[in-house]
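In what follows, a structure is listed as structure tokens, so that the remarks can point back to it.
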Amino acid sequence: MKSKLHLIGLLVLLALSACDPARKSGATLQDDGKIEIIFLQMNDVYEIAPFSDNSGGLARVATLRKSLLAKNPNTFTVLAGDFISPSVMGTLKYEGKRIRGRQMVETLNILGLDWVVFGNHEFDYDLEDLQARLDESNFTWLAGNAHQKSGDQLHAFAKNKAGREEPCPEKIVVEVKDADGTTIKLGVFGVLVTSGQKPFVQYSDPLETAKMLREELRDKSDLCVALTHLDVANDKRLAEMLPDVPLVMGGHDHDNMLHKVGKSVVAKADANARTVYVHRLVFDKKTGKSTVKSELRQINGSIPDEPATASVVGKWERIQNDVLKAAGIDPNKVIKVLKKPLDCREATVRHEQAPVGALITRAMLAAGKNQPECAILNGGSIRVDDVLSGKISELDVVRMLPFGGGIVEVAMRGTLLRRTLDAGVGNKGKGGWLQLGNIAWDATGNNWKINGEALQAERVYKVILPEFLLTGLETNMDFLKTSPKPDQTGTTNPDILSMSGAKSGDKNDLRSDIRLALIHFLQHSTE
């Protein structure tokens, strides 16, 4: 009997040894000098919930993050800039204040974001709003080439936590260790474009800064990666300039792309977390070499929501829907299926006459009550900074034109119309670049054309335009400022003879809100 039990025990021991290489060799796990690090990359995320085509959604990204972490604790979730603006939700009022990115920070906190680099849209609001978002955040903001300006002094942007300042670093070093004991120091730096101009921020050159930060990290880290918010051309230059940075995780371009530059990888996912990148970086400490395998993951209904993140998203969606419904907009109502994608990116609407600009100006003309001859629209009012496709809901229209506002019909002298159009050309790249309806430039005649006829200085034109332009606050267009005279005999601008718009609170007049005009036009057009 004893011999049988001994034999059984021996067989069990042999079976266990065969399944466990360490037991088989009689040794414990040994440091093999190799370590795998996973980066979950997002960029240019303005929306927390899925779109009408069921793509995107940060609660789904949170599920993917948890899955990756369960398999490899050395997983870092990063966002390559642009997230607190622009969005519909950011323009709405809640608890007496504009939301302005509060919903993004709360959602990303619960999702478990590790690192973000500032993007140009982080500077859309005033310093007070940006500071509030910094203070609310639990993640690390990188700002290698952007510093806060106070008078003549420059210092790092900082969080205020428990009565003390936590400066936003230019670079960080974290220790990473795996199950067999391989330990390395990982360096990360962040740089961004210099287009988010505000009086409280000053930039240094992003590429020169990246070079300097890499040198500073050389003796402090075994491995270095970059988190950037640059256009792809500059990301490639950075990779060429710093060949020992194996991974550049970038934003700003909004479309997914993956480029090999020497031995480095430059990657960007699609905006609004329609896709994310999962990068698996394996570093060999003995040789100093690394390999990167990058997988583009679709974020859609095949990924379930992570409950805690979904709860926060749901809270903010309810707030948004309540405010919009009070304004006469049904966020969930689908109004159109686009035949082809509609490019609403800033790179388009602030630089050229865009199809979306033509669409909105046609809607404005259709909403007019006095047979307007032409329409002008400041490109900066189109804020979605994305490409819309497929089903378009009323919420998508609000995303496109989050500020809304009335549209006004005016009788304008030709001299003022020409001055306005010329100023629009001078605003190329800015929000004051104009999208036009029934207006074109005649290069041959060196003149503007209105409905195919040369603009005449002495004529009076019937123009429909956003009420905002008549405040004179648009870039280089202060000369448009006007208001009705108290006796209703004209306006305070001698070159605007009359103006008319919707009566206050009259939602039946499409001129009351440019978004209502566009929704009505899309519902009834055959385009």
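The values are calculated or read from the model by the stated rules, or taken from the named source; none is laboratory data. Since this is a predicted model, take the numbers as computed values, not measurements. Virtual Cβ from ideal backbone geometry, glycine too; neighbours counted across all protein chains shown.
What to note about this one:
- Close pairs from the range 444-457: first in contact (Cβ under 8 Å) with a residue 24 or more places away in the chain and among the aromatic types (Phe, Trp, Tyr), partner surrounded by 12 or more Cβ atoms within 10 Å (Cβ to Cβ) and part of a loop (DSSP other than H, G, I, E, B), Cβ under 8 Å, at least 6 apart: Trp448/Leu455
- Scanning the range 367-398 for residues that are surrounded by fewer than 18 Cβ atoms within 10 Å (Cβ to Cβ) and either part of a helix (DSSP H, G or I) or at positive phi (or both), we see that the one that is modelled with the lowest pLDDT is Gly390.
- Members of the range 160-216 found to be part of a loop (DSSP other than H, G, I, E, B), of a type in the set (A, V, I, L, M, F, W, C) and touching a residue at least 24 places away in the same chain (Cβ under 8 Å), listed by number: Cys168, Ala179, Val193, Phe200
- The range 285-297, subset in a strand (DSSP E or B), in contact (Cβ under 8 Å) with a residue 24 or more places away in the chain and of a type outside the set (Val, Ile, Thr), residue surrounded by the most Cβ atoms within 10 Å (Cβ to Cβ): Ser290
- Candidates in the range 99-113 are the residues that are assigned to a loop (DSSP other than H, G, I, E, B) and not charged (D, E, K, R); of these, the one that is nearest to Leu247 (Cα to Cα) is Leu113.
Results for (1) part of a strand (DSSP E or B); (2) in the same structural domain as Asn427 (by TED's automatic domain parsing); (3) not small (Gly, Ala, Ser), shown as yes or no for each residue.
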position: Leu465; (1), (2), (3): yes, yes, yes
position: Leu469; (1), (2), (3): no, yes, yes
position: Asn476; (1), (2), (3): no, yes, yes
position: Thr489; (1), (2), (3): no, yes, yes
position: Met499; (1), (2), (3): yes, yes, yes
position: Ser504; (1), (2), (3): no, yes, no
position: Lys507; (1), (2), (3): no, yes, yes
position: Arg511; (1), (2), (3): no, yes, yes
position: Arg515; (1), (2), (3): no, yes, yes
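- Applying the criterion of being among the β-branched types (Val, Ile, Thr) and surrounded by fewer than 21 Cβ atoms within 10 Å (Cβ to Cβ) to the residues of the range 106-144, the residue that is nearest to Pro167 (Cα to Cα) is Thr140.
- Residues of the range 217-230 classified as more than 20 Å from Phe76 (Cα to Cα) and surrounded by fewer than 17 Cβ atoms within 10 Å (Cβ to Cβ), total: 2
- Subset of the range 33-52 that is under 18 Å from Thr183 (Cβ atoms) and β-branched (Val, Ile, Thr) - its residue that is nearest to the chain's Cα centre (by Cα): Ile38
- Ile319 passes every criterion in (1) over 24 Å from Arg345 (Cβ atoms); (2) in the same structural domain as Lys34 (by TED's automatic domain parsing); (3) modelled with pLDDT of 95 or more apart from (2).
- The range 465-477: number of residues that are touching a Ser or Thr at 6+ places or on another chain (Cβ under 9 Å) and either among the charged types (D, E, K, R) or touching a residue at least 12 places away in the same chain (Cβ under 8 Å) (or both): 6
- Members of the range 270-284 found to be in a strand (DSSP E or B) and basic (Lys, Arg), listed by number: Arg280
- Inside the range 260-281, residues that are over 15 Å from Arg297 (Cα atoms) and either among the acidic types (Asp, Glu) or touching a helix residue (DSSP H, G or I) at 6+ places or on another chain (Cβ under 6 Å) (or both) make up a count of 3.
- Any pair with Cβ under 9 angstrom, 6 or more apart, that starts in the range 375-394 at a residue that is under 19 Å from Asn321 (Cα atoms) and ends at one that is basic (Lys, Arg) and part of a loop (DSSP other than H, G, I, E, B): Val384/Arg345; Ser393/Lys333; Glu394/Lys333
- Of all residues in the range 93-110, those that are under 14 Å from Lys315 (Cα atoms) and either in contact with a helix residue (DSSP H, G or I) (Cβ under 6 Å, 6 or more places away or on another chain) or of a type in the set (S, T, N, Q) (or both) total 7.
- Condition met for Ile329 (within 21 Å of the chain's Cα centre (by Cα) and touching a residue at least 12 places away in the same chain (Cβ under 8 Å)): no
One line per residue, one yes/no per condition, for (1) farther than 15 Å from Phe118 by Cβ; (2) at pLDDT 95 or above; (3) under 25 Å from the mean Cα position of the chain (by Cα); (4) not assigned by TED's automatic domain parsing to the domain that holds Gln41:
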| residue | (1), (2), (3), (4) |
| --- | --- |
| Ile172 | no, yes, yes, no |
| Val188 | no, yes, yes, no |
| Thr209 | no, yes, yes, no |
| Met212 | yes, yes, no, no |
| Asp222 | yes, yes, no, no |
| His229 | no, yes, yes, no |
| Asp255 | yes, no, yes, no |
| Gly262 | yes, yes, no, no |
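- Of all the residues in the range 399-417, those that are surrounded by fewer than 21 Cβ atoms within 10 Å (Cβ to Cβ), touching a strand residue (DSSP E or B) at 6+ places or on another chain (Cβ under 7 Å) and not aliphatic (A, V, I, L, M) number 3.
- Filter result for the condition that a residue is of a type in the set (A, V, I, L, M), surrounded by fewer than 20 Cβ atoms within 10 Å (Cβ to Cβ) and in contact with an Asp or Glu (Cβ under 6 Å, 6 or more places away or on another chain), over Val282, Val312: Val282
- Selection of the range 60-98 for residues being part of a helix (DSSP H, G or I), modelled with pLDDT of 95 or more and under 30 Å from Ser381 (Cβ atoms) yields only Val61.
- Asn300, sole failed condition from (1) in a helix (DSSP H, G or I); (2) out of contact with any Asp or Glu (no Cβ under 7 Å at 6 or more places or on another chain): (1)
- Selection of the range 282-306 for residues being more than 30 Å from Glu175 (Cα to Cα) and either assigned by TED's automatic domain parsing to the domain that holds Leu510 or acidic (Asp, Glu) (or both) yields only Asp305.
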